[in-house]
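Have a look at the structure below, then the notes.
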Amino acid sequence: LPVVAIVGRPNVGKSTLFNRIIKERLAIVEDEPGVTRDRNYAKAEWMGHEFDLIDTGGITWEDGKIEEEIRAQAEIAIEEADVIVMLCSVVNGVTDLDERVAKLLYGTKKPVILAVNKADNPEQRNNIYDFYSLGLGDPFPVSGSHGTGIGDLLDEIVSKFPEKEDYKSDDTIAFSVIGRPNVGKSSIVNKLLGEERVIVANQEGTTRDAIDTPFESKDGTKFRLIDTAGIRRRGKVYEKTEKYSVMRAMSAIERSDVVLLVLDASTGIREQDKHVAGYAHDAGRGIIIVVNKWDLPKKNSTSAKDFEKVIRQEFQYLDYAPIMFVSAETGQRIDQIPIMVKEVYKNENQRIQSSVLNDLLLEASSLVPTPMIKGKRLRVYYMTQVKTNPPTFVVFVNDPELMHFSYQRFLINQLRENFNFEGTPIKIIPRKRK
Ligand code: GDP
């Protein structure tokens, strides 16, 4: 999906605008159980155009100077986004900091749209003309809190989206390598690309193409490795802050079909691993857990099993993710990674016929009685798959309130037992039968 980033000095109302834009969409996804509650990154939609929206300022910058903060924001936007929205506020007029943000954006070839917030009334809308001085073209007056001007701004944003094929070609499996620092992400990437046939980009590329590496495995499968912050280009300002690298990782996750979550066998599982895992799970992408540095621990015949046990305990919600034990150092099993990625990609994209699903439903209801709440029993009528990647099933019932989480879990397990959904989350949406 195209990525839109909102940048701007503090207090211009970036989060308000962000929330305003994603509002509709959030209402739909809010009831899905999630591990993270991060709202700096969200999906949005306008007139049939879906996109990912980043609020680069929505994250507090613990020890940061304001200069560093806006530089980091601009860097992220320039690297990540397809369209950048620079936000100012009409209340204060053009400030020094606004000028500094604008300057940081001058160098980019990405489209930059200037929006002036807090233009709540006609008089304030008159004051937006000062903002021509920033040299970013026509300012769009908006009011994040009142909701005015948002439609025009969104029209402008979606008109600047790149052609579809620029950011995803359909026969290519996009995957990314994520994990906390030093688990060996870049070592894995380098080893992997050293073994596979890297395709040299033939077209005049955008920045995006330079970050992603297309390669072809021995059986002719096309992959696109999405680079996350710091894997192959270190030294950017924002990399010093964990929260910003998390944001970069989230952006990579969103663009991936499959995510490799890398753990370090020599250190065991840390708190930060769980945060990263939570993001990957919430995004609904296929996940493979890769235990790296498998050359380091002293091993016996049960080492892998023991480690696996700990992983299953610590990441219970990732029970669908296969686990691989590799070493970037010795190259052990690195060549199995593309094979596994391809397998998970296949699983998350499979479609099950409704007739087959309803046989399964019939069998399931004979195995376990449906839950009963306050004397009312859940009745399950039929089920149909509405989406792939992740596989999403709508189940028509007499009353969605009766569709207990545990019963959803049961249905998901039934699906897993009958079909190969290894590596992919499964979503169940209960609907009332009309
Ligand atoms: P990143 O921050 O996740 O990209 O981690 P790096 O790839 O930079 O690796 C961090 C350190 O771990 C480096 O010193 C690597 O040489 C080392 N390392 C990475 N993979 C392995 C491995 O499989 N075995 C061993 N022994 N060391 C590794």
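The values are calculated or read from the model by the stated rules, or taken from the named source; none is laboratory data. The structure presented is a predicted model; accordingly, all values stated were derived computationally and were not measured. Glycine gets a Cβ as well: all are built from the backbone with ideal geometry, and neighbour counts include every protein chain shown.
The table that follows gives values for the structure above.
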item	result
For Arg333: the one exception among (1) more than 10 Å from the ligand (Cβ to nearest atom); (2) within 17 Å of Ile188 (Cα to Cα); (3) surrounded by 19 or more Cβ atoms within 10 Å (Cβ to Cβ); (4) among the charged types (D, E, K, R)	(3)
Flag for Ser176 being at negative phi, surrounded by fewer than 20 Cβ atoms within 10 Å (Cβ to Cβ) and of a type in the set (Ser, Thr, Tyr)	no
Residue within the stretch 287-297 that is more than 24 Å from Pro390 (Cα to Cα), away from the ligand (no atom under 11 Å from the Cβ) and not hydrophobic (A, V, I, L, M, F, W, C) present	no
Residue list for the stretch 322-376, restricted to those being among the small types (Gly, Ala, Ser) and without any contact (Cβ under 8 Å) to a residue 12 or more places away in the chain	Ser355, Ser366, Gly375
Candidate set: the stretch 231-266, residues that are touching a Phe, Trp or Tyr at 6+ places or on another chain (Cβ under 8 Å) and within 12 Å of the ligand (Cβ to nearest atom); chosen: the one modelled with the lowest pLDDT	Ser245
Residues within the stretch 298-316 that are assigned to a loop (DSSP other than H, G, I, E, B) and either under 23 Å from the mean Cα position of the chain (by Cα) or within 16 Å of the ligand (Cβ to nearest atom) (or both), tallied	3
Count of the stretch 23-54 residues which are modelled with pLDDT of 80 or more and either farther than 20 Å from Pro162 by Cα or among the hydrophobic types (A, V, I, L, M, F, W, C) (or both)	6
Subset of the stretch 292-309 that is touching a residue at least 40 places away in the same chain (Cβ under 8 Å) and under 26 Å from Glu348 (Cβ atoms) - its residue that is surrounded by the fewest Cβ atoms within 10 Å (Cβ to Cβ)	Phe307
Any hit, the stretch 396-415, residues being of a type in the set (S, T, N, Q), outside the structural domain of Val290 (by TED's automatic domain parsing), surrounded by 16 or more Cβ atoms within 10 Å (Cβ to Cβ) and in contact with a Ser or Thr (Cβ under 9 Å, 6 or more places away or on another chain)	no
Test for Ser355: is it loosely packed, with under 12 Cβ neighbours inside 10 Å, out of contact with any Gly (no Cβ under 8 Å at 6 or more places or on another chain) and not basic (Lys, Arg)	yes
Residue match in the stretch 214-225 (condition: at pLDDT 55 or above and within 15 Å of the ligand (Cβ to nearest atom))	yes
Single residue of Val116, Val189, Val101 found to be assigned to a helix (DSSP H, G or I), more than 16 Å from the ligand (Cβ to nearest atom) and either assigned by TED's automatic domain parsing to the domain that holds Val90 or within 30 Å of Ser327 (Cβ to Cβ) (or both)	Val101
